[in-house]
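A short write-up of the structure that comes next.
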Amino acid sequence: MKSTPRGTLAAVITGVVTAVGAGATTPAVAAESVPVVVPLDGVEKSHNAKLPKIAGEVPLPTQGRPEKPRYVEGRLTPENTLPQVPLRAPLPGLVAEAPLPRSAGKASERAAVSAPAADLRTMTPGLSLDAPLTPPDHRASRLPALKKPQAAMRTPLLRTAPTADVRLGQP
């Protein structure tokens, strides 16, 4: 069988599509936070001393879907002119341990603080405006009349429940 450039190209494209399709079967999972460890092992070994161990988490915020503006009868502009945007992210977490020398004996104790990442839900401020005109009356063929302008600000929202754990004990 004779190989042609068109046939070779078709075989290569088929192989690439098969490889990409096989790799795409496992979806990528987005992480909510990135772990961060402060490297103090080298200093601890070079100075022959026990140093604190510090680690944490840096949150990655994710944006939600804002509400759509709603048109209300009798208004020229939509009710939710500037919608509130929900954001969700964990608060940064922290884990810290420090050695404490014991006064009686050679063993050392550790003081530890652990504050896990807490879920944080927020919503940005929103704004509703209405024009200082009434809507035109199509039955009477009247022009819009003047009225008092209206403005309403929606307050931002912040919800979370952080926790912390403080311990004293053996390493």
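The values are calculated or read from the model by the stated rules, or taken from the named source; none is laboratory data. Keep in mind it's a predicted model, so treat the numbers as computed, not measured. All Cβ positions, even for glycine, are placed from backbone atoms using ideal geometry, and neighbour counts span all protein chains on display. These area figures cover heavy atoms from the full protein model, side chains too; ligands, DNA and RNA do not enter into them. Shrake-Rupley method; radii C 1.70, N 1.55, O 1.52, S 1.80 Å.
Looking at 122, 134, which one is open to solvent by less than 60 Å² (accessible area, probe 1.4 Å), over 23 Å from residue 57 (Cβ atoms), of a type in the set (Ser, Thr, Tyr) and in contact with a strand residue (DSSP E or B) (Cβ under 9 Å, 6 or more places away or on another chain)?
Selected residue: 134, the only one of 122, 134 that is open to solvent by less than 60 Å² (accessible area, probe 1.4 Å), over 23 Å from residue 57 (Cβ atoms), of a type in the set (Ser, Thr, Tyr) and in contact with a strand residue (DSSP E or B) (Cβ under 9 Å, 6 or more places away or on another chain).
Got a sec? Which of 149, 86 is at pLDDT 80 or above and under 19 Å from the mean Cα position of the chain (by Cα)?
The conditions single out 86.
I need a count of the residues in the stretch 45-75 that are surrounded by fewer than 15 Cβ atoms within 10 Å (Cβ to Cβ) and more than 30 Å from the chain's Cα centre (by Cα).
Residues that pass the stated criteria total 9.
Looking only at the stretch 137-155, which residues are open to solvent by less than 80 Å² (accessible area, probe 1.4 Å) and not hydrophobic (A, V, I, L, M, F, W, C)?
The answer is 137, 144, 147, 154.
Starting from the stretch 147-171, take each residue that is of a type in the set (Val, Ile, Thr) and assigned to a strand (DSSP E or B) and list its partners that are at pLDDT below 85 and open to solvent by less than 100 Å² (accessible area, probe 1.4 Å), counting only C-beta distances under 7 angstrom and pairs at least six apart or across chains.
Pairs that qualify, where the first residue is of a type in the set (Val, Ile, Thr) and assigned to a strand (DSSP E or B) and the partner is at pLDDT below 85 and open to solvent by less than 100 Å² (accessible area, probe 1.4 Å), are 160/91; 160/118; 160/119; 160/120.
Quickly run through the stretch 99-123 and pick out the residues that are modelled with pLDDT of 85 or more and among the hydroxyl-bearing types (Ser, Thr, Tyr).
Within the stretch 99-123, 114, 122 meet the criteria.
Between a first residue in the stretch 113-128 that is within 20 Å of residue 55 (Cβ to Cβ) and of a type in the set (Asp, Glu) and a second residue that is modelled with pLDDT of 85 or more and open to solvent by 60 Å² or more (accessible area, probe 1.4 Å), which pairs have beta carbons less than 9 Å apart while being 6 or more apart in sequence or on different chains?
119/159; 119/160; 119/161
Looking at the stretch 63-74, I want the residues that are without any contact (Cβ under 8 Å) to a residue 24 or more places away in the chain and have a partner that is open to solvent by less than 100 Å² (accessible area, probe 1.4 Å) and of a type in the set (Asp, Glu) with Cβ atoms under 7 Å, at least 6 apart or on another chain. Which pairs are those?
From residues that are without any contact (Cβ under 8 Å) to a residue 24 or more places away in the chain, the pairs are 69/79; 70/79; 72/79.
Which residue is nearest to the chain's Cα centre (by Cα), if the candidates are limited to the stretch 131-143 and must be part of a loop (DSSP other than H, G, I, E, B) and free of Cβ contacts under 8 Å to residues at least 12 places away in the same chain?
Here the residue is 136.
Answer yes or no as to whether residue 37 is modelled with pLDDT under 80 and in a strand (DSSP E or B).
Against the criterion (modelled with pLDDT under 80 and in a strand (DSSP E or B)), residue 37 does not qualify.
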